[in-house]
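So that we are looking at the same thing, I have put the structure below in structure tokens.
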Protein chains: 4
Amino acid sequence: MGPILVTRTGRPRSADADRAILAATRQALVELGWGKLTMGDVAARAGVAKTTLYRRWANKNELVVDAVAALFDELRLPDRGSLAADVEGVVLQFGELLERPETKTALMAVVAESTHDPGLRSRIRHAIVDRQKRLVETGRRRAQSRGELPDDTGDPASATRNADLIFDVIAGTVVHRILVSGEPVDPSWAHAFTALLVGGLPAAMTHA
Amino acid sequence: MGPILVTRTGRPRSADADRAILAATRQALVELGWGKLTMGDVAARAGVAKTTLYRRWANKNELVVDAVAALFDELRLPDRGSLAADVEGVVLQFGELLERPETKTALMAVVAESTHDPGLRSRIRHAIVDRQKRLVETGRRRAQSRGELPDDTGDPASATRNADLIFDVIAGTVVHRILVSGEPVDPSWAHAFTALLVGGLPAAMTHA
Amino acid sequence: MGPILVTRTGRPRSADADRAILAATRQALVELGWGKLTMGDVAARAGVAKTTLYRRWANKNELVVDAVAALFDELRLPDRGSLAADVEGVVLQFGELLERPETKTALMAVVAESTHDPGLRSRIRHAIVDRQKRLVETGRRRAQSRGELPDDTGDPASATRNADLIFDVIAGTVVHRILVSGEPVDPSWAHAFTALLVGGLPAAMTHA
Amino acid sequence: MGPILVTRTGRPRSADADRAILAATRQALVELGWGKLTMGDVAARAGVAKTTLYRRWANKNELVVDAVAALFDELRLPDRGSLAADVEGVVLQFGELLERPETKTALMAVVAESTHDPGLRSRIRHAIVDRQKRLVETGRRRAQSRGELPDDTGDPASATRNADLIFDVIAGTVVHRILVSGEPVDPSWAHAFTALLVGGLPAAMTHA
DNA sequence: GCATAAACGAGACGGTACGTCCCGTCTTAGA
DNA sequence: TCTAAGACGGGACGTACCGTCTCGTTTATGC
């Protein structure tokens, strides 16, 4: 079908402005943090009037979530030959991602704001979180094809519960390690964590 | 020997005011969230002048961290007879704690603010996080005395790394489950998660 | 030739707001006096945000001086046929003006503040005081054309000194009578004062 | 009858403190002006607690008027041999007094505050203004004994009106010259002003 | 090629909260 | 009882951003 072409009259919105605004938002977020980031400052960095921001996003939250969402799409799951190696690889990737200031600040800030804003919460979930679950799914299928994990039982709900648990364990542990404990995700820690996770998987799958 | 008695001149600060302010802060945090919480509102709730807040805390961040810290001291580790039962118990307790609005909001907000404020970060670490590591330590000793875990090797650094890993896994996973995935920590999930963790422990301990 | 048209960008300032603010300032000054007049209150009376005040005036002093300056422009010097009658007329007018609460409060307050603020002092001098010297000049020319006073000698500095002296005597005496002595400027007092002044003029002009 | 001896129990008030407070008030008034003078600052300069100020004066106004009143008692009227010389002498003295910063600031500030505070107004009138009218009285009697002015008629009210007028003219003109016009009271100006006043006196006395 | 219409920059607007300063009162301990 | 010290409730200050609202100008499209 292709994109719907709405021929509208008047001057079209500038795509340059969009890009400049999102980039400026990420930059400001790193330098100032959520609380000190101001719309006026973002506009100035982007070389754009404040009005232009408000024509595109209703408020600060929406703008920041959009500015941040793309950052989390770079995670990949190359085939490293075994389930353990795949997990260890994604743990290290995720660690590197979260140690970058813009990602670190953005994720926590946006989650914090969401704790009392259901709309923002679901926006985050769809724009950021759910998109990463594909990695767990890919890993599981690959492990099954290698014979490292049993095939799915007849219960798809059980499989989903399992995937969600693993996702929470990996994402949660790495986030906590970096943002709360303030320790780095280095290869030796990733190795130990992977051992724990992969070692526990068989037991977990019988309880899910 | 004993506490130093500093005889200070002038009218002493009111301990009632301290308590009222911290309670008002927690209440306001629940109702309004971090972003909408204002010092003036907290002062009014506490029946106190705004200046009285600023005499005690330099700004909003410091006040909120102090107000929140006490909430996390209620976690206990009663002996339930086995390592798995102990872990499951603390996971459920922590889940309940985090599902309360004041804890949920407070923790994330404070962590988010801390991502660009090293002083605040260390204040959180000392006032909130490190104090909970006692639970992991207690659990490990108890499991060793039951024979569920091997005695410490000669390497105390290894033991510390292990404890930190387990702490990050438990705290991180529960936090992620509730705050990011937005799912409840109910008994069946706690059971599955505990199985994963306890099942993986032996493997983890050989890699730490 | 003609006024320079400065095309400025952005939304222009509201002239209505200017007027409303100045009027509200005068009203508040009468009701509350200088010390109790607050910027927030003026803003509220004017139906305007406090920021709108601060966009136009740097502080309370500047605002009040501007608000007050206009009041003194209503003094006129109609031709009453003789120098004595002209002087008596302006003394009575000035007396009436100064017995109005807003003028009374405003003038003293503003002069008092100015005693330790050179900038404010010169602002007052230009905005209020110097503009009234026109009255002395008009009166002198009129008296000369009537033959009541000799024509200017060749020394313009002498004429200026004379005018300034007369201005200080009239303004100072009326102000002191009303604000310090707290007595009214009624016709009989005005008559006596005029007799003193006009009687002394020939002597003064030979010494200036 | 002498001072009333009230034998009171407890520690007596310190007379040193009184002196130190009044001196500190005058000093602060010069440096800061009325508007910026604060009770806390005065207390600190005087080496005294704020409480001690409030035990002696009810508020800022009362304190400042008392601190300032004494300054105006130094005017004298030595006999210079003629009415004109006496007037010129007191004009120059008053000019010098008003050019001192503490007097200048104090007088205007206190008058300004008084415009909306009747109590303060009468306190000023009694403590400062009326005490100076003795000078006019002395000068008049001396001129009469020299034969420069006619003896009092049978109408004492007329004499009083006359004295008040002369007082307003002298005080008002000098104050206006210094505080409003911002020009100095130098000998040549004093000479011209005296000529005006003395030249006008005969005419004024027939109208009073 | 000229009218239409939306986007654009600039910046003023009504608001809200900030953190500071000072007021005048109060509560301690000590002289 | 007075004093020094300093905490207290209160209120205004002047600042910083918010998100909205005019303006005059620019830039596409469609008649």
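Can you tell me which residue among A:Pro12, A:Pro3 is away from DNA strand E (no atom under 12 Å from the Cβ), modelled with pLDDT under 90 and more than 14 Å from chain B (Cβ to nearest Cβ)? Talk me through it step by step, then tell me what you get.
Values: A:Pro12 fails: away from DNA strand E (no atom under 12 Å from the Cβ).
Answer to the check: A:Pro3.
Continuing with this model, one more query. Does segment C:186-207 hold any residues that are open to solvent by 10 Å² or more (accessible area, probe 1.4 Å) and more than 14 Å from D:Thr206 (Cα to Cα), and which are they?
Of everything in segment C:186-207, those that are open to solvent by 10 Å² or more (accessible area, probe 1.4 Å) and more than 14 Å from D:Thr206 (Cα to Cα) turn out to be C:Asp186, C:Pro187, C:Leu201, C:Pro202, C:Ala203, C:Met205, C:Thr206, C:His207.
Here's a follow-up. For segment A:59-69, which positions are open to solvent by 50 Å² or more (accessible area, probe 1.4 Å) and either touching a helix residue (DSSP H, G or I) at 6+ places or on another chain (Cβ under 8 Å) or modelled with pLDDT of 90 or more (or both)?
Quick first cut of segment A:59-69, residues open to solvent by 50 Å² or more (accessible area, probe 1.4 Å) only: A:59-60, A:62, A:66.
Across segment A:59-69, the qualifying residues are A:Lys60, A:Glu62, A:Asp66.
Give the number of residues within segment D:112-147 that are open to solvent by 70 Å² or more (accessible area, probe 1.4 Å) and at pLDDT 90 or above.
Matching residues across segment D:112-147 total 3.
Right, here's the next one. So B:Leu77 passes all but one of these: (1) in a loop (DSSP other than H, G, I, E, B); (2) away from DNA strand F (no atom under 14 Å from the Cβ); (3) at pLDDT below 90. Which condition number does it fail?
It fails just one condition, (3).
Checking the condition over 22 Å from C:Gly200 (Cα atoms), without any contact (Cβ under 8 Å) to a residue 60 or more places away in the chain and loosely packed, with under 14 Cβ neighbours inside 10 Å, which residue from D:Pro150, D:Pro156 passes?
Details: D:Pro150 fails: over 22 Å from C:Gly200 (Cα atoms).
Just a single option satisfies the conditions, and that option is D:Pro156.
Sticking with this one: Please tell me if A:Ala20 is away from DNA strand E (no atom under 14 Å from the Cβ), open to solvent by 30 Å² or more (accessible area, probe 1.4 Å) and away from chain B (no Cβ under 14 Å). Working first, answer last.
Values: away from DNA strand E (no atom under 14 Å from the Cβ): no; open to solvent by 30 Å² or more (accessible area, probe 1.4 Å): yes; away from chain B (no Cβ under 14 Å): yes.
Here the answer is no, as A:Ala20 does not meet what is asked.
I'd like the residue in segment D:23-44 that is open to solvent by 40 Å² or more (accessible area, probe 1.4 Å) and more than 12 Å from DNA strand E (Cβ to nearest atom) and, out of all such residues, is nearest to C:Met108 (Cα to Cα).
D:Val30
Could you figure out which of (1) open to solvent by less than 50 Å² (accessible area, probe 1.4 Å); (2) out of contact with any Phe, Trp or Tyr (no Cβ under 8 Å at 6 or more places or on another chain); (3) away from DNA strand F (no atom under 13 Å from the Cβ); (4) touching a residue at least 24 places away in the same chain (Cβ under 8 Å) isn't true of C:Ala85?
Failed condition: (4).
Now a separate question. In segment D:53-68, what count of residues is obtained for those that are assigned to a helix (DSSP H, G or I), under 17 Å from D:Gln27 (Cβ atoms) and either more than 14 Å from chain C (Cβ to nearest Cβ) or within 10 Å of DNA strand E (Cβ to nearest atom) (or both)?
Filtering segment D:53-68 down to residues assigned to a helix (DSSP H, G or I) leaves D:53-56, D:60-68.
Pick out the ones that are also under 17 Å from D:Gln27 (Cβ atoms) and you get D:53, D:60, D:63-68.
Next cut, either more than 14 Å from chain C (Cβ to nearest Cβ) or within 10 Å of DNA strand E (Cβ to nearest atom) (or both) only: D:53, D:60, D:63, D:66-67.
Residues in segment D:53-68 being assigned to a helix (DSSP H, G or I), under 17 Å from D:Gln27 (Cβ atoms) and either more than 14 Å from chain C (Cβ to nearest Cβ) or within 10 Å of DNA strand E (Cβ to nearest atom) (or both): 5 in total.
What is the residue count in segment D:179-208 for residues that are more than 7 Å from chain C (Cβ to nearest Cβ), touching an Asp or Glu at 6+ places or on another chain (Cβ under 7 Å) and hydroxyl-bearing (Ser, Thr, Tyr)?
Qualifying residue count for the region: 1.
Something else now. Before we move on, is B:Val90 under 26 Å from B:Glu183 (Cβ atoms) and in the same structural domain as B:Glu183 (by TED's automatic domain parsing)?
yes
Condition test on D:Thr138, is it away from DNA strand F (no atom under 16 Å from the Cβ) and in contact with a Gly (Cβ under 7 Å, 6 or more places away or on another chain)?
Numbers: away from DNA strand F (no atom under 16 Å from the Cβ): yes; in contact with a Gly (Cβ under 7 Å, 6 or more places away or on another chain): no.
Here the answer is no, as D:Thr138 does not meet what is asked.
If you check B:Leu107, B:Leu98, which single one turns out to be under 22 Å from B:Thr25 (Cα atoms), within 12 Å of chain A (Cβ to nearest Cβ) and at pLDDT 85 or above? Walk me through how you get there before you give the answer.
Values: B:Leu107 fails: at pLDDT 85 or above.
After ruling out the rest, the residue left standing is B:Leu98.
Which pairs have Cβ atoms under 7 Å, sit 6 or more apart or on different chains, and link a residue in segment C:179-208 that is farther than 12 Å from D:Phe193 by Cα to one that is basic (Lys, Arg)?
C:Leu179/C:Lys104; C:Gly182/D:Arg121; C:Gly182/D:Arg125; C:Glu183/C:Arg177; C:Val185/C:Arg177
Still on this structure: Out of the residues in segment A:159-178 that are under 18 Å from A:Val198 (Cβ atoms) and at the interface with another protein chain (Cβ under 7 Å from one of its Cβ atoms), state the one that is most open to solvent (accessible area, probe 1.4 Å). Talk me through it step by step, then tell me what you get.
Restricting attention to segment A:159-178, the residues satisfying the condition of being under 18 Å from A:Val198 (Cβ atoms) are A:159, A:162-174, A:177.
Narrowing further to those that are at the interface with another protein chain (Cβ under 7 Å from one of its Cβ atoms): A:164-165, A:168-169, A:171-173, A:177.
Numbers: A:Asp164: 40, A:Leu165: 6, A:Asp168: 2, A:Val169: 3, A:Ala171: 9, A:Gly172: 3, A:Thr173: 0, A:Arg177: 25 Å².
Within segment A:159-178, the match that is most open to solvent (accessible area, probe 1.4 Å) is A:Asp164.
Determine, yes or no, whether A:Glu31 is more than 10 Å from DNA strand F (Cβ to nearest atom) and assigned by TED's automatic domain parsing to the domain that holds A:Ile128. Before the answer, list the steps.
Details: more than 10 Å from DNA strand F (Cβ to nearest atom): yes; assigned by TED's automatic domain parsing to the domain that holds A:Ile128: no.
For A:Glu31, the condition - more than 10 Å from DNA strand F (Cβ to nearest atom) and assigned by TED's automatic domain parsing to the domain that holds A:Ile128 - is not met.
When you scan segment B:73-88, how many residues do you find that are over 19 Å from B:Val185 (Cα atoms) and among the small types (Gly, Ala, Ser)?
2
Go through (1) crowded, with 19+ Cβ neighbours inside 10 Å; (2) within 14 Å of another protein chain (Cβ to nearest Cβ); (3) away from DNA strand E (no atom under 14 Å from the Cβ) and name the single condition B:Phe72 misses.
Only one criterion in (1) crowded, with 19+ Cβ neighbours inside 10 Å; (2) within 14 Å of another protein chain (Cβ to nearest Cβ); (3) away from DNA strand E (no atom under 14 Å from the Cβ) is unmet by B:Phe72, namely (1).
Counting only residues that are touching a residue at least 24 places away in the same chain (Cβ under 8 Å) and open to solvent by 50 Å² or more (accessible area, probe 1.4 Å), which one in segment B:46-55 is nearest to DNA strand F (Cβ to nearest atom)? Quick ask: steps written out before the conclusion?
First pass over segment B:46-55, keeping only residues touching a residue at least 24 places away in the same chain (Cβ under 8 Å): B:46-48, B:52-53, B:55.
Then keep just the ones that are open to solvent by 50 Å² or more (accessible area, probe 1.4 Å); that gives B:47, B:55.
Details: B:Gly47: 6, B:Arg55: 5 Å.
Here the answer is B:Arg55.
The values are calculated or read from the model by the stated rules, or taken from the named source; none is laboratory data. From a predicted model like this one, the values you see are computed outputs, not experimental measurements. When we count neighbours, we look across all protein chains shown, and the Cβ atoms used for this are built from the backbone with ideal geometry, even at glycine. Just so you know, the surface numbers come from the protein's heavy atoms only, side chains and all, with ligands and any DNA or RNA stripped out. Shrake-Rupley method; radii C 1.70, N 1.55, O 1.52, S 1.80 Å.
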